[in-house]
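Colleague: What follows is a structure written as structure tokens; I'll ask about it next.
The values are calculated or read from the model by the stated rules, or taken from the named source; none is laboratory data. All values derive from a computational prediction rather than experimental measurement. Note that we place each Cβ from the backbone using ideal geometry, even for glycine, and neighbour counts take in every protein chain shown. Note: accessible area is taken over every heavy atom of the protein model, side chains too, but ligands, DNA and RNA are not part of it. Shrake-Rupley method; radii C 1.70, N 1.55, O 1.52, S 1.80 Å.
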Amino acid sequence: MRLGDVAKQLLIDPRKCTDYALNPDNPMAQMIKPDLFDVIEILVDIPESGIQAGDRGAIVEKYRDRAYEVEFTNPEGETLALHSLSPERFIVIWQAKTQIWVSLAE
């Protein structure tokens, strides 16, 4: 599944993903580069672990190959799943460094 197809399913204008969020020349996209302890929202289902698009997790590790280890937990804080994800599979919704929620409208 392509990112644009995911965006259409989520009722997000696909241009926000391709022309804005993933555009390395966009200064705002550079500001929301994933980092340790950021909260993310996943854009795709991961059926083998019951993770669905829209679920939230936290980045707990950064790898050299642009992959991020994301931990998904239940409301009690128990780990439900750990997945290594590329940044195309999620969006940052809260930045740990700045302690700011990231708006999709920006």
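Colleague: Beta carbons within 10 angstrom, averaged per residue: use that to sort the peptides 66-77, 82-93, 49-60, highest first.
Modeller: Packing proxy ranking, top to bottom: 82-93, 49-60, 66-77.
Colleague: Further question: Once fully extended, how much extra length lies between residue 98 and residue 36, figured as 0.36 nm per residue of separation less the alpha-carbon to alpha-carbon distance?
Modeller: Here the segment from residue 98 to residue 36 would lengthen by 21.1 nm.
Colleague: What's the carbon and sulfur percent of the range 53-106's accessible surface, probe 1.4 angstrom, rounded to a whole number?
Modeller: 49
Colleague: If I model a spin label at residue 48 and residue 67 as a point 7 Å from the Cα along the Cα→Cβ vector, what separation in nanometres do I get?
Modeller: 1.2
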